[in-house]
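The values are calculated or read from the model by the stated rules, or taken from the named source; none is laboratory data. Please read all numbers here as calculations on a predicted model, not as lab measurements. Glycine also receives a Cβ, built like all others from the backbone with ideal geometry; neighbour counts cover every protein chain displayed.
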Amino acid sequence: MPLTRKAYRAAILHSIADPAEVGIEASYEYFEDGLLVVDNGQISALGHASELLASLPADIEITHYQDALITPGFIDTHIHLPQTGMVGAYGEQLLDWLNTYTFPCESQFADQAHAEEVAGIFIKELLRNGTTTALVFGSVHPQSVNAFFEAAQKLDLRMIAGKVMMDRNAPDYLTDTAESSYLESKALIERWHSKGRLHYAVTPRFAPTSTPEQLTLAGQLLGEYPDLYMQTHISENLQEVEWVKELFPERKGYLDVYDHYQLLGERSVFAHGVHLCDDECARLAQTGSAVAFCPTSNLFLGSGLFNLPMAEKHKLNVGLGTDVGGGTSFSLLQTLNEAYKVMQLQGARLSPFKSLYLATLGGARALRLEERIGTLQPGTDADFLVLDYNATPLLSYRLKQSKSIAETLFVLMTLGDDRTVAQTYAAGNLVHQR
Ligand code: GUN
Ligand code: ZN
């Protein structure tokens, strides 16, 4: 196969470590006039244009972006495909919201054509917003996952998804059984897991909608195949936490339910964790599990404020999640805008470099994919974005006043959204152009 080599010249920024561990200055690399070289879908070089250009053949194709910033693609560690059609549903908190809006909307995925239509819209929306990898909940129907992976495979995207398992406390039209959920998940794993850049996640919705038998089989699946993911929800809403105590009185608390069924581990991602206690954070960290911080959802559903400093204290892996449709935006820039406010309301700060980390390398680490995505290090997948400083008149004017990359980055995260993402590249291919 002939080598396809391309180079991209612009300001370039990526996170290389967690600011909580190394301090802000050592957490990133910034090239004011940078060059990113891509060979066959992978990054082969990154550096200052003035230094790298001399080492490249004179006829190499170079795309030069002015007034723009190249960053790694964003990583959304928690989102629901079948809730695309119900973002922004009025008035309820979690449990009523699920019954009133979510379950009826997800039921439409029994129809294959509907699943395919929404999967197409959903993936386009991810890419329009600069999300190149997501950990995705399907519906209870296997066809939701088939439709999603088929669409992702066509674009060679790195994606993780799973069919929801739920066999109680949900309408009959939307429940499986412990056995059928096991068999259907297994068939999806055989078909999709580790195929190219696709990965499967065992997906019990949350403790209240699974019987002990189903949770047992979810744990069993994780033991049957290497590198499977597990995704679920935890401690999002106080009523939910009380309900779990009633349903599992023999367990110490919410996390202990999942722990008992062997669902914790290095590829396990728990969404929300707003009401986790200190001991639970310690246990999550000890098992290498991760939490998806979903600020737009936590505010929209009135769930509460995620305690990021507590997670940091325990060295717990944290990624960022949009949680659409509980969340209100596909944009991780807008998600960071809200994350900043969630921290402000707790008397804490979120530096723009910590934010960049959360949306990129932090997400990659939560998913154990930092060798492949989340940075622009040579040898990793060429999943990257071009953010446009002139995306809107206000952004353009505001950024002209900026005196540093820190200020520019923070303003991009405060004013930016899908309009800011001019180009999205995945495996070196242009997959979205505004
Ligand atoms: N808990 C159980 N299911 C859901 C869901 O679909 N969205 C959110 N935000 N929380 C949940
Ligand atoms: Zn969710």
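Side notes on the structure shown:
- Count of region 135-158 residues which are touching a Leu at 6+ places or on another chain (Cβ under 6 Å), among the aliphatic types (A, V, I, L, M) and closer than 19 Å to HIS199 by Cβ: 2
- From ALA20, ALA45, residue being of a type in the set (A, V, I, L, M), in contact with a helix residue (DSSP H, G or I) (Cβ under 7 Å, 6 or more places away or on another chain), surrounded by 13 or more Cβ atoms within 10 Å (Cβ to Cβ) and closer than 18 Å to GLY319 by Cβ: ALA20
- Residue match in region 283-295 (condition: under 27 Å from GLN334 (Cβ atoms), within 18 Å of the chain's Cα centre (by Cα), part of a helix (DSSP H, G or I) and within 16 Å of ligand 2 (Cβ to nearest atom)): yes
- Qualifying residue in region 91-104 (condition: in contact with a helix residue (DSSP H, G or I) (Cβ under 6 Å, 6 or more places away or on another chain), crowded, with 19+ Cβ neighbours inside 10 Å and among the charged types (D, E, K, R)): no
- Check on GLY319, at pLDDT 95 or above, closer than 25 Å to GLU29 by Cα and either within 16 Å of ligand 2 (Cβ to nearest atom) or not in a helix (DSSP H, G or I) (or both): yes
- Subset of region 272-282 that is away from ligand 1 (no atom under 16 Å from the Cβ) and surrounded by 21 or more Cβ atoms within 10 Å (Cβ to Cβ) - its residue that is farthest from the chain's Cα centre (by Cα): GLU280
- Enumeration of residues in region 301-326 that are without any contact (Cβ under 8 Å) to a residue 60 or more places away in the chain and within 16 Å of ligand 1 (Cβ to nearest atom): LEU305, PHE306
- Residues (charged (D, E, K, R) and either modelled with pLDDT under 95 or within 18 Å of ILE43 (Cα to Cα) (or both)) located in region 359-410: GLU370, GLU371, ARG372, ASP381, ASP383
- Number of the exception - SER139 against (1) of a type in the set (S, T, N, Q); (2) over 21 Å from TYR101 (Cβ atoms); (3) buried (at least 22 other Cβ atoms within 10 Å of the Cβ): (2)
- Residue, farthest from ligand 1 (Cβ to nearest atom), within region 222-271, restricted to residues that are of a type in the set (Gly, Ala, Ser) and surrounded by fewer than 22 Cβ atoms within 10 Å (Cβ to Cβ): GLY223
- Screening the candidates ILE79, ILE62, ILE75 for the property of being touching a helix residue (DSSP H, G or I) at 6+ places or on another chain (Cβ under 9 Å), surrounded by fewer than 15 Cβ atoms within 10 Å (Cβ to Cβ) and among the aliphatic types (A, V, I, L, M) yields one hit, ILE62.
- Residues of region 339-393 that are farther than 22 Å from ASP418 by Cβ and among the hydroxyl-bearing types (Ser, Thr, Tyr): SER351, THR375, THR380.
- Within region 87-109, residues that are within 23 Å of VAL241 (Cα to Cα) and among the β-branched types (Val, Ile, Thr) have Cβ atoms under 9 Å from residues that are within 15 Å of ligand 2 (Cβ to nearest atom) and assigned to a helix (DSSP H, G or I) in these pairs: THR102/PRO82; THR102/GLN83; THR102/MET86, counting only partners at least 6 apart in sequence or on another chain.
- The condition of being out of contact with any strand residue (DSSP E or B) (no Cβ under 7 Å at 6 or more places or on another chain) and within 16 Å of ligand 2 (Cβ to nearest atom) holds for only one of PRO204, PRO212, PRO208, that being PRO208.
- Condition met for LEU183 (in a helix (DSSP H, G or I), among the hydrophobic types (A, V, I, L, M, F, W, C) and more than 18 Å from PHE330 (Cβ to Cβ)): yes
- Residue ranges of helices (runs of 4 or more DSSP H) in region 339-434 with at least 3 members surrounded by fewer than 17 Cβ atoms within 10 Å (Cβ to Cβ) and free of Cβ contacts under 8 Å to residues at least 60 places away in the same chain: 393-400
- Scanning region 182-206 for residues that are touching an Asp or Glu at 6+ places or on another chain (Cβ under 9 Å) and within 15 Å of ligand 1 (Cβ to nearest atom) returns a single hit, PHE206.
- Single residue of region 369-394 satisfying the filter (polar (S, T, N, Q) and under 16 Å from ALA11 (Cα atoms)) that is nearest to the chain's Cα centre (by Cα): THR375
- Filter result (of a type in the set (Ser, Thr, Tyr), within 23 Å of the chain's Cα centre (by Cα) and buried (at least 16 other Cβ atoms within 10 Å of the Cβ)) within region 167-208: SER185, TYR200, THR203
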